[in-house]
Amino acid sequence: MSVRGWSFFSWFVPLFDGLISWAWRFFALTAGPLETVLPDDAPANFSLLKPLTPKQRAEQEDAFIQGIDEESICALASRHWNNRACTLQRSDRGSFNICFFMTLDDDDAKVVVRVPIPPAVHEPWERLQSEAFTMQYVSTKTKIPLPQVYAFGQSTIRHGDTTEYPYMILQHVEGQPLDKNLHEKPEPCRRQFYAQLVDILVELQALEFSAAGSLMPRGADPTEADIVGAFSMTMNDLQMYGAPSVRKKFQSVDQFYADQYRMLWNTYLVPAEDLDRKTVQCELFALNDIKERSQLVYQTNETDSFVLSHPDLRHANILVDGNLQIQAIIDGEWSATVPLSYFIPPPRIIKSDLDVFLSVLATRKDHSPGHKHLSDVWCQTDTARFLVVQILQAPLKLRSIYYNELFPKISTASEEIAIAEFFKDQEQVSEMERRLHISEQYTEYLARNGIVDEDRRELKELNILAQELLGETW
């Protein structure tokens, strides 16, 4: 099935194909703890991984949430406000946390109690400590609007469970998540919003550090930070498998990118159900090509300094009022310090509007040295670099970003010809066959235990049908 073509399906098929590939990998990487711990850098042992199915994982998360004692949550909020009575208004569940929205009864003040969902998060207490400190640090160093952290700690919150679970109590900020259709609004509205976003990003990139990683407190001073190995969504996925993807801090840009690529590579070593030859070929070619094109991302002489980044800056995490005025940036749990070359315009917000966003940045370059610096860097950057960084930040989007956006920018050949040439190398053929064999073993394991994912199987059948209708092999 070609990623490019000359028919109506030239845009539909890549999108559909990318969705199917993403779905397979999503089901695999959100599947839960492993039966076997994987030795680091030992690909042969990936065949031993037998993760829980998505259904089993969801059942674990549901069971945790259903066991939460809402009276205990109210007691937590009350205890931090001199035992004032409070009322639970509603709860809202995300991918990694559940939030309880509370009202203090005597003056209708609103707070949020947020609890990480352990089946979805590795090292929940450590991650929460880092997030709480990072929010306090940013609040003291910048004017970026963030919810105030009132308290955080660990407490018993579930019926019949003496385990203490981490929690954070936050200011409730009035506002609505940014509209996902921002790119369809009139350009003056978008420019007004982008100007605010630019100012926030300039303040973030002005916070410089000597190493890459996540922030932790150094004593009681909220302006003094230590750097520890970064908490990241990709690392979290691999750790939830039991893989020894140990968090490390890095003091050189080279080491940082080597680790990012290692996590990207390991993501696609994780067994997935019923993989076909084409899928594995496309993944292997893209993975190797990105590695060969590392110069797209950074130069070996890049200064070993690092800036603070919010890697999950998407619509749901930006609260605005009716006039698109930013009220708060939320959910910075994966915030970390990164090389400046890894600090890019937030792709989920900008989408196809990069030119307008960069023009807004350029018009504000005289506002401060920070604005000029960021404008000089981003406005002169090849957009292919942004795409490579997007893949490193979100490995599950490898195929959709690489074949739909990156490959057409960096090659004049068709992907079919390039992939065919790549697999003339017998070593690559052997690697492909090895990965297919691991997938077969994993699929057989699921079948033997009656835990085949029928939803995933239906998606694959639809994908095969689409290929047959188009009469294409790529």
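Screening residue 203 on (1) modelled with pLDDT of 95 or more; (2) over 30 Å from residue 351 (Cβ atoms); (3) of a type in the set (D, E, K, R) shows it passes everything except condition (2). Being in the same structural domain as residue 308 (by TED's automatic domain parsing) and in contact with a helix residue (DSSP H, G or I) (Cβ under 8 Å, 6 or more places away or on another chain) holds for only one residue in 243, 211, and it is 243.
Out of 414, 400, 430, one residue alone is touching a Phe, Trp or Tyr at 6+ places or on another chain (Cβ under 7 Å) and at pLDDT 90 or above. It is 400. Among the residues that make up the range 146-162, is at least one of them closer than 13 Å to residue 331 by Cα and in contact (Cβ under 8 Å) with a residue 40 or more places away in the chain? Yes, the range 146-162 has at least one match. The requirement of being hydrophobic (A, V, I, L, M, F, W, C) and not in a helix (DSSP H, G or I) is satisfied by residue 413. For the range 292-303, check the following and say yes or no: at least one residue is over 21 Å from residue 347 (Cα atoms) and either touching a residue at least 60 places away in the same chain (Cβ under 8 Å) or not assigned by TED's automatic domain parsing to the domain that holds residue 240 (or both). No, the range 292-303 contains no residue that is over 21 Å from residue 347 (Cα atoms) and either touching a residue at least 60 places away in the same chain (Cβ under 8 Å) or not assigned by TED's automatic domain parsing to the domain that holds residue 240 (or both). Each residue in the range 74-114 was checked for being part of a helix (DSSP H, G or I) and closer than 14 Å to residue 150 by Cβ, and 4 of them qualify. Residue 92 passes every criterion in (1) under 23 Å from residue 231 (Cβ atoms); (2) in contact with a His (Cβ under 7 Å, 6 or more places away or on another chain) apart from (2). Taking residue 145 as the residue in question, decide whether it is modelled with pLDDT under 95 and not assigned by TED's automatic domain parsing to the domain that holds residue 313. Criteria not met by residue 145.
Residue 266 meets the conditions (1) free of Cβ contacts under 8 Å to residues at least 60 places away in the same chain; (2) assigned to a loop (DSSP other than H, G, I, E, B) in every case but one. The failed one is (2).
The values are calculated or read from the model by the stated rules, or taken from the named source; none is laboratory data. Predicted model only: the values in this text are computed from it and were never measured. Reconstructed Cβ throughout: ideal geometry from the backbone, glycine too, with neighbour counts over all protein chains shown.
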